[in-house]
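These notes are about the structure you will find just below.
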Amino acid sequence: MSSLETLRRIAEVEFAAIVVQTDLLGVKLRILLTDTSYVDVWVSRKLQGRFRMHWERRHLDEHIYRYDNFPDTDWAAVSTFPFHFHNGNQENVIASPFASSPEQGFRDFMIFVRQTLAT
């Protein structure tokens, strides 16, 4: 299981071009990005393998992006359930395009962030 400290190091080293600052805030990691948006990462300490990654951009363009594996029955029809991706807003939920392990899923999510910022 990946720890927040491990994910913090990945953010700071592998994504240094877009990461301004990282902060451990209790049970989550906050990653401040070059465009003033941020990514919050939560990894459950109680439920092995449970995680959430949320990119907050509402103050810039009204968008949010969230990758998580909370087994919300609203998204049971998604082919990768319980893994799913909120693509732009809370209601636009699609199959996860990211790896299912927290560490690789985090890398994939941050690659998506970096590519989106570049466009």
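Can you give the local net charge around VAL78? Use residues other than it whose beta-carbon is closer than 14 angstrom to its beta-carbon, Lys and Arg +1, Asp and Glu -1. Mind showing how you got there, number by number?
On the way: positive: ARG66; negative: ASP68, ASP72, ASP74, GLU91.
Around VAL78, the surrounding residues sum to -3.
As a test of reading the structure, rank PHE98, PHE70, PHE109 by solvent-accessible area (1.4 Å probe, protein chains only), most first.
On the way: PHE98 25, PHE70 120, PHE109 0 Å².
Correct descending sequence by accessible area is PHE70, PHE98, PHE109.
When the chain is modelled as a GNM with alpha-carbon springs shorter than 10 Å, which of HIS86, HIS54, HIS63 fluctuates the most?
Comparing HIS86, HIS54, HIS63 in a Gaussian network model of the chain, the most mobile one is HIS63.
Go through TYR65, TYR38 and list them by solvent-accessible area, largest first, probe radius 1.4 Å. Spell out each step's value before the answer.
Values: TYR65 25, TYR38 55 Å².
Heavy-atom accessible area, descending, gives TYR38, TYR65.
With each pseudo-label sitting 7 Å past Cα toward Cβ, what's the ASN89-GLN104 distance in nm, one decimal?
Spacing of the two 7 Å Cα→Cβ label points: 3.3 nm.
Using 0.36 nm times the number of residues separating ASP72 and GLU14, minus their current alpha carbon distance, what extension gain do you get? Walk me through the intermediate numbers first.
Working: separation 58, 0.36 × 58 = 20.88 nm, distance 3.12 nm.
In short, 17.8 nm is gained.
I'd like the carbon and sulfur percentage of the solvent accessible area for the range 26-119, probe radius 1.4 Å, heavy atoms only, ligands and nucleic acids excluded.
51
In the neighborhood of VAL27, defined by Cβ-to-Cβ distances under 14 Å, what is the net charge if each Lys or Arg adds +1 and each Asp or Glu adds -1? Kindly include the intermediate steps, with their values, before the conclusion.
Details: positive: ARG8, LYS28, ARG30, ARG45, LYS46, ARG50, ARG52; negative: GLU5, ASP23, ASP40.
Here the charged neighbours net out to +4.
Under the Kirkwood approximation for Rh and a Cα-based Rg, what ratio Rg/Rh is obtained for the range 13-119?
Result for the range 13-119 is an Rg/Rh of 0.95.
Tell me which of LEU7, PRO71, THR116 sits at the most positive position along the dipole axis of the chain, charges placed on C-beta atoms (Lys, Arg +1; Asp, Glu -1).
So the residue furthest toward the plus end is LEU7.
Which FRET efficiency value, to the nearest 0.05, do you get for HIS59 and ALA118 by plugging their Cβ-Cβ distance into 1/(1 + (r/R0)^6) with R0 = 22 Å?
On the way: r = 20 Å, r/R0 = 0.90.
The computed FRET efficiency comes out at 0.65.
Leaving ligands, DNA and RNA out of it, rank ASP61, ASP40 by accessible area with a 1.4 Å probe, largest first.
Details: ASP61 55, ASP40 20 Å².
The ordering from most to least exposed comes out as ASP61, ASP40.
The values are calculated or read from the model by the stated rules, or taken from the named source; none is laboratory data. Note that this is a predicted model, so its numbers are computed, not measured. Don't worry about glycine lacking a Cβ; one is built from the backbone with ideal geometry, like all the others, and counts go over all protein chains shown. Quick note on the areas: whole protein, heavy atoms, side chains included, nothing else; ligands and nucleic acids left out. Shrake-Rupley method; radii C 1.70, N 1.55, O 1.52, S 1.80 Å.
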